[in-house]
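Peer 1: This is the structure I want to talk about, given as structure tokens.
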Amino acid sequence: MQRMYVGGHQAVSSTDFVELALGTPVELWLGVEGETEEERAARLDAARDILADNPSLPDDVSRVAAEAIEAYAPELFNVVPLVRPAASRNRPRKGAAA
């Protein structure tokens with residue numbers, strides 16, 4: 001089993017890894033299902049305070065996301081267009097109404 005550490009802390013799940021890398025819980029940015037308007041307002045106030053204290057956080061998050069994509073999902077960028085064979089384009093399908 002591979003172990004991952006961020007800043008000396010072990011990340012035991014992908015959520016732990018993201019939280020340790022960002023220094024904040026994911027729910028702070030995404031919210032939680034069923035939160036009240038009051039809870040949402042408090043969460044957004046906390047997020048604004050964090051961004052005010054760390055204005056480079058959005059750039060850091062983008063960098064971490066790009067590095068993760070590059071390292072763990074290179075196949076996302078291997079796009080191959082699917083081409084329909086020329087012979088079947090103009091020929092009606094068997095059983096199709098003309």
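Peer 1: Considering each residue of region 21-46, count those that are open to solvent by 60 Å² or more (accessible area, probe 1.4 Å), within 22 Å of the chain's Cα centre (by Cα) and over 18 Å from Pro58 (Cβ atoms), and give that number.
Peer 2: 4
Peer 1: Failed condition for Val6, given (1) open to solvent by less than 70 Å² (accessible area, probe 1.4 Å); (2) modelled with pLDDT of 75 or more; (3) of a type in the set (A, V, I, L, M, F, W, C), with all others met?
Peer 2: Val6 satisfies every listed condition except (2).
Peer 1: Can you run down the residue pairs with Cβ atoms below 9 Å, 6 or more apart or on separate chains, where the first is in region 34-53 and under 11 Å from Thr24 (Cβ atoms) and in contact (Cβ under 8 Å) with a residue 40 or more places away in the chain and the partner is surrounded by 12 or more Cβ atoms within 10 Å (Cβ to Cβ) and among the aromatic types (Phe, Trp, Tyr)?
Peer 2: Close Cβ pairs (under 9 Å, with a partner that is surrounded by 12 or more Cβ atoms within 10 Å (Cβ to Cβ) and among the aromatic types (Phe, Trp, Tyr)) do not exist here.
Each row is one residue, and each column tells you yes or no for (1) of a type in the set (Phe, Trp, Tyr); (2) assigned to a helix (DSSP H, G or I); (3) out of contact with any His (no Cβ under 7 Å at 6 or more places or on another chain); (4) at pLDDT below 90.
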position: Glu33; (1), (2), (3), (4): no, no, yes, no
position: Ala42; (1), (2), (3), (4): no, yes, yes, no
position: Ala46; (1), (2), (3), (4): no, yes, yes, no
position: Arg63; (1), (2), (3), (4): no, yes, yes, yes
position: Glu75; (1), (2), (3), (4): no, yes, yes, yes
position: Arg84; (1), (2), (3), (4): no, no, yes, yes
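The values are calculated or read from the model by the stated rules, or taken from the named source; none is laboratory data. Note that the structure is predicted; figures quoted are calculated from it, not measured. A quick note on method: Cβ atoms are made from the backbone with ideal geometry, for glycine too, and the neighbour counts reach across all protein chains shown. The area values use the complete protein model at the heavy-atom level, side chains included, leaving out ligands, DNA and RNA. Shrake-Rupley method; radii C 1.70, N 1.55, O 1.52, S 1.80 Å.
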